[in-house]
Structure formats: structure tokens, C-alpha cells
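Okay, so here's the structure we're looking at.
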Amino acid sequence: MDVKIAADWKALLAPEFEKPYFAELAGFVRSEYASRRIFPRGGDIFRAFDKCPFDKLKVVIIGQDPYHGPGQANGLCFSVNEGVDFPPSLQNIFREVHDDTGAEIPRSGNLDRWAEQGVLLLNSVLTVRAHEAASHAGRGWETFTDAVVRAIGKHREGIVYMLWGSYAQRKGAIADPSRNLILKAVHPSPLSVYRGFFGCRHFSQANAYLASRGETPIEW
């Protein structure tokens, strides 16, 4: 199947695109876009990969599914389009970045700047119906993104995995802690943020690890 995704990731993930589950998933997604309001826009489904080349990959952050409000989702987990108010989880992420590293809280919630430095902002499910959280869960996206995490583990080491919440931690369990840095905390949502996300210092820990390996730290 000809999937419009960055060439380096396409070569890596090519076997997945030929499997029956992916053909079924693609048919479902096409029918949903044709008949319902779906986020993100079709051209942004694989944007997390397009913005973060595989050979520059340094950090993996795992989310669940895209924002389901109008104008929010842009293909990168936790990220929103320019000019869109920060959702609560993103507000909390920026607060922790500020408290941890001293970086100013940005005016834009678009996280392209992270992705372009080597941060893969990977949702487990890549599409969603408007105003219906998790509406595309269980349709095959999870199988595909599990394969992404496995492929990273097979071909790369020295990657920082930021796993926030039990869902991300289950998905990230594929990663080998002896060959990578695995950082775990509760999810940054308002329901859990005070139970260990604030003060987790993942962003400074990630940069210290990258620096120890001779890599350029991320400008969070």
C-alpha cells in the first residue's frame, strides 16, 4: 500500500503497510473521513513522522489519541495548531518544562519545534471523530504504533522514552531499559498532575542523558 509518510519511516515500516490489518484500518479511516468530521486533517495523520526524521530521533513521547476539538489536533501528540488555546495537559507540560529547565512558557502550543529537534510526538491512535474521544480506538492504529515502537527498539538505542500515565507506560514497555532511558510519571492531565508529574524533571533528565552520549540537548 502506498502510504504518504516520510521516506525514511516508510522504508522502516513498509512491512506493516502490507499486512491485512492495515488494509482494513485504511479502509475504515477513508470511510470515516468521507462521512464524518475527523481530526486531524488527512494530510496531518502521519505528521509526527514527517517532522521527526528517523535518523535524528532522540526522544519518544507517547500520547493516546488526538484532540477532538475543532482546530486543535495537528498530528503531534499534545501539540495544537498556532493560535489555539493550550489544552490543560499542554499547559501542565509547559509549566513543568519551565519549573524544570527555566525555559519560558511559549506563546504557541505548536510543538513542531520539538519534533524538528528529534522528538517523536506519537499518539497511539492517529485519528478521532470530532467531539468523540477514543472513537477510533481498537481499529488497528494501536497495532501500527506498537510496530513503530518495536522498530525504534530494533534499530536504535540511546533513545529517551517519556511515558506519562499507565497507557503510555504499557505501550512503552516494549523499549529496552538497558539500552535507553525510560522516564515514567503520571499523565499531565489535571486529574493526576499533582500526583507526580509536577516535579518529575523529565526534561532536564532527558537533556543530561543526551549530553552524556555526546548528543545535542533539546531546547524545550
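If you bin all the Cα-Cα distances of the stretch 48-93 at 10 Å, starting from zero, the percentages per bin are 25, 51, 24, 1.
With the helix formula -39500 (n - 2.57) applied to DSSP H stretches of n ≥ 4, the chain reaches a computed 222 nm mean residue ellipticity of -11000 deg cm²/dmol.
Charge tally for His202 (other residues, Cβ to Cβ under 14 Å; Lys, Arg +1; Asp, Glu -1): +1. Out of Ser166, Ser178, Ser124, any idea which swings most in a Gaussian network model of the chain, alpha carbons joined below 10 Å? Taking springs between Cα atoms under 10 Å, the residue moving most is Ser178. When the solvent-accessible area of the stretch 62-220 is split by element, carbon and sulfur atoms take up 48 percent of it, the probe being 1.4 Å.
A quarter of the convex hull surface defined by the alpha-carbon atoms of the stretch 136-197 gives 4.7 nm² as the mean projection. Pairs over the 23 Å Cα-Cα cut-off, from the set Lys19/Lys51; Lys19/Lys171; Lys19/Lys154: Lys19/Lys51. The largest-to-smallest principal axis extents of the Cα set in the stretch 103-157 are 38, 37, 13 Å. Binning the C-alpha pair distances of the chain at 10 Å intervals from 0 yields a P(r) profile of 8, 35, 39, 16, 2, 0 %, listed from the shortest bin outward. With protein chains left intact and a 1.4 Å probe, residues in the chain average 46 Å² of accessible area per residue.
The values are calculated or read from the model by the stated rules, or taken from the named source; none is laboratory data. Remember, predicted model here, so these are calculated numbers, not experimental data. So basically every Cβ, Gly included, is an ideal-geometry build from the backbone, and we count neighbours across all protein chains shown. Surface areas here come from the heavy atoms of the whole protein model, side chains and all, with no ligands, DNA or RNA. Shrake-Rupley method; radii C 1.70, N 1.55, O 1.52, S 1.80 Å.
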